[in-house]
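Participant: First, the structure itself, so that you have it in front of you.
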Amino acid sequence: QKVSVEVLDHLEHLALVDFRDSEGVERLQKAIQFADQLHEVNTDGVEPMDSVLEDRCLYLREDDVTEGNCTKALLENAREKVEEYFVAPPGNIPLPKLEERETFLQGS
């Protein structure tokens with residue numbers, strides 16, 4: 001199943017992932033083929049669920065703070081931070097607009 005340039009562009013903007021090489025597009029096509037198998041499952045008469053655990057009683061535990069005051073130690077793990085916040089994803093590069101870039105898919 002071929003992925004159109006428009007769908008590819010839309011997915012790149014949603015996921016902030018660049019699929020411009022043939023390996024990336026091939027991986028995406030395989031993932032779509034794998035997910036398409038769900039269309040073969042007969043779901044007639046099956047009610048939609050909010051959770052697979054909705055028929056079970058979920059027990060809540062006490063929310064007791066046992067550790068804390070470790071902001072400084074946690075922020076030492078950050079590649080990039082602003083004030084006391086993690087910056088994520090690091091190196092977030094905006095993708096060019098569809099009409100501004102060339103892609104090998106345009107010929108297909």
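Participant: Going by what's in this entry, would Leu53 be described as outside any helix (DSSP H, G or I) and either at pLDDT below 85 or of a type in the set (Ser, Thr, Tyr) (or both)? Explain how you work it out, then say what you get.
Facilitator: Values: outside any helix (DSSP H, G or I): yes; either at pLDDT below 85 or of a type in the set (Ser, Thr, Tyr) (or both): yes.
The answer is yes for Leu53.
Participant: Let me ask something else. Provide a single number: the residues in segment 6-48 that are hydrophobic (A, V, I, L, M, F, W, C), open to solvent by 100 Å² or more (accessible area, probe 1.4 Å) and closer than 25 Å to Ala88 by Cα.
Facilitator: 1
The values are calculated or read from the model by the stated rules, or taken from the named source; none is laboratory data. Just so it is clear, the model here is predicted, and its values are computed rather than measured. To get the accessible areas, we keep the full protein, side chains included, count just its heavy atoms, and leave off ligands, DNA and RNA. Shrake-Rupley method; radii C 1.70, N 1.55, O 1.52, S 1.80 Å.
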